[in-house]
Amino acid sequence: ATADIGVTGLAVMGRNLARNLARHGHAVAIHNRSPEKTRALVSDHGYEGTFVASESMADFVTSLKRPRAVIVMVKAGQPTDAVIDELIPLLEPGDIVVDCGNAHFLDTRRREETLREHGLHFVGTGVSGGEEGALRGPSIMPGGSAESYQKLGPIFESIAAQVDGVPCCIHVGPDGAGHFVKMVHNGIEYADMQLIAEAYDLLRSGLDATPGQIADIFREWNRGSLESFLIEITADVLAHVDGRTGRPFVDVVLDQAEQKGTGRWTVQSALDLGVPITGIAEATFARSLSGHAEQREAARAVFPVTNELAWAADDREGFIEDVRKALYASKVVAYAQGFDMIKAGSEEYGWNVDRGATATIWRGGCIIRARFLDRIREAYDDDPELPTLLASPYFVKAVSDGVESWRRVVADSARAGVPTPAFSSSLAYFDGLRRGRLPAALIQGLRDNFGAHTYRRVDSEGAFHTLWGSDKTESAAR
Ligand code: NDP
């Protein structure tokens, strides 16, 4: 046994992760169900480090030093269970199985429990950054036992993205915590992308600007507080010209956004946890709406679009700045909601996730990497119990500075008929949080009226019910 760590599943992600490990001096055992991928890795990249190749799972396990650490990087879902079932009888107590696939955190909790019964550690690990990240340094979010992190931590930290000398990897928390946090990361990514897309749409119709001109605006924005990977690649995509037609690339792409499901998982879990992640939800639904071609066509036929073009052209600079501020404020809301969700999940499952540290490991490697995350880390460092990110001094200032712009953009886009679901729902969320009294009081009254669901009062403890059908007297509910 000579290998420090093993990787089974050598499609794009597994192959690159194995290469990254080898390049950092770890001897890597490699295995894939069909041996061609294993052979290809050795022949194409064998010179990059020490690979110990096996064609059977049994040989693969035997090639690992104990306690063994096996990374599973296969298709998420049933294939992951199949590989784990194959591994269990080959491993010994104390060994570690790491699932780096995109598993649902509830599956990870189930698998962790099963493996624990066999004396094995199961480490559900979120990996972000796509294939490029896997090779050059991803953001790594391992869950599982603290004991397993003693072995895995130094290895993972060595291959993770580094920002200011700090690796983008922490032990997130027990069992499913890593995959949960990765899921929320992807949810935030959905919101971020939707906000960017709305900003583009506003600039395009409000200014009657070309994609190339808008690319320049994004490039400019990337020099300020919005600086991030997604803003940077937005400029690249908008500037790209289709090779076949010579038209802007965005104009030849079918306008139906697809999804692999992590946004949907985030929204589903948020509903279970009772966390209003409206930005992520709107982003997920906006993708669904875009895909309903038949309904879109039917609506277009009966409600012809009369959008004014260049409705904001009188004050170009002012409008661009309004959109920038609205984007920033909406983004703060989306992140505030995402971090609320992490807190809720952490409390529900007893994970004790450190939100400031989570912000730290998203600064590099992953898709939502951004300058902004330093501000979030500082906010949680100053007050780990912060009730909402929106209440931290830096973000109070950022949102206060932007709120008038934000209102103008949402109002003007509504008037012009340009949909801004994420911009407007984020503003509604913000206003909902800060409103003195919410009409939720009326909803409670209605619920009590039709269903005797009871209500609480502002002036006394306990629950009450009004006899709506008779003399409308109030009684204390049991
Ligand atoms: P795929 O999700 O396309 O999975 C292909 C790999 O799974 C191959 O190695 C394949 O083996 C193996 N596999 C499939 N079914 C079985 C099975 N029943 N038994 C054994 N092996 C099986 O590969 P990716 O590299 O794209 O992704 C790997 C994991 O990483 C997935 O869970 C994915 O969600 C996750 N991920 C992907 C990212 C990305 O950007 N692609 C980013 C972050 C995470 P064979 O060659 O024999 O068919």
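Worth pointing out:
- Tensor-based shape of segment 132-215 (alpha-carbon gyration tensor, a/c under 1.5 rounded, otherwise prolate or oblate): prolate
- Whole-percent carbon and sulfur share, accessible surface of segment 1-124, 1.4 Å: 51
- Accessible area expressed per residue, segment 216-336, with surrounding protein chains retained (probe 1.4 Å, Å²): 58
- Simple rule: put +1 on each Lys or Arg Cβ and -1 on each Asp or Glu Cβ in the chain, find the dipole, and look at Phe319, Ala53, Phe249; the Cα lying farthest toward the positive end is Ala53.
- Rounded, prolate or oblate (a/c below 1.5 giving rounded, otherwise prolate when a/b exceeds b/c) for segment 309-418 by Cα gyration tensor: prolate
- The apolar share of the surface of segment 331-444, taken as the fraction of accessible area on carbon and sulfur atoms (1.4 Å probe, ligands and nucleic acids excluded), comes to 53 percent.
- Where only DSSP H runs of four or more residues are counted, the chain gives -18000 deg cm²/dmol as its mean residue ellipticity at 222 nm, each run worth -39500 (n - 2.57).
- Net length available on complete extension from Asp201 to Ile233 is 9.9 nm, with 0.36 nm assigned per residue and the Cα-Cα distance removed.
- Note on Glu378 and His24: with the Förster distance fixed at 25 Å, the Cβ-Cβ geometry gives a FRET efficiency of about 0.25.
- Cβ-placed point charges (K, R +1; D, E -1), dipole of segment 44-130 about Cα centre in debye, nearest 20: 260
- Reported to the nearest whole Å, the Cα centre-to-centre distance from segment 88-105 to segment 219-265 is 36.
- Per residue, the solvent-accessible area of segment 1-101 (1.4 Å probe, heavy atoms of protein chains only, all protein chains present) comes to 42 Å².
- Between Glu297 and Ser460, full extension at 0.36 nm per residue minus the direct alpha carbon distance yields a gain of 53.3 nm.
- Accessible surface of segment 252-319, 1.4 Å probe, proportion on carbon and sulfur as whole %: 55
- Treating r as the C-beta distance of Arg244 and Glu321 and R0 as 35 Å, the FRET efficiency rounds to 0.45.
- For the peptides 26-39, 231-244, 118-131, the ranking by mean Cβ contacts within 10 Å, running from highest to lowest, is 118-131, 26-39, 231-244.
- Computed E for Leu273/Asp431 - FRET, C-beta separation, R0 22 angstrom, nearest 0.05: 0.45
- Pairwise Lys count, the chain - Cα closer than 16 Å, eight or more residues apart or different chains: 7
- Shape class for segment 178-227, computed from the alpha carbon gyration tensor (a ≥ b ≥ c): prolate, with a/c not under 1.5 and a/b above b/c.
- The dipole here belongs to segment 242-361: it is taken about the Cα centre, uses +1 on the Cβ of Lys and Arg and -1 on the Cβ of Asp and Glu, and is about 280 debye.
- Between Ala69 and Gly6, Ile96, the built amide H atoms are under 5 Å apart, and every one of these is 5 or more places off in sequence or on another chain.
- The mean accessible area for residues of segment 388-441, using a 1.4 Å probe and ignoring ligands and nucleic acids, is 51 Å² per residue.
- Separation between Cα centres of segment 13-66 and segment 317-340, rounded to whole Å: 44
The values are calculated or read from the model by the stated rules, or taken from the named source; none is laboratory data. Keep in mind that what you see is a predicted model, and the values were worked out from it rather than measured. We place every Cβ from the backbone using ideal geometry, glycine too, and count neighbours over all the protein chains shown. When the accessible area is computed, the model is the full protein with side chains, heavy atoms only, and any ligands, DNA or RNA have been set aside. Shrake-Rupley method; radii C 1.70, N 1.55, O 1.52, S 1.80 Å.
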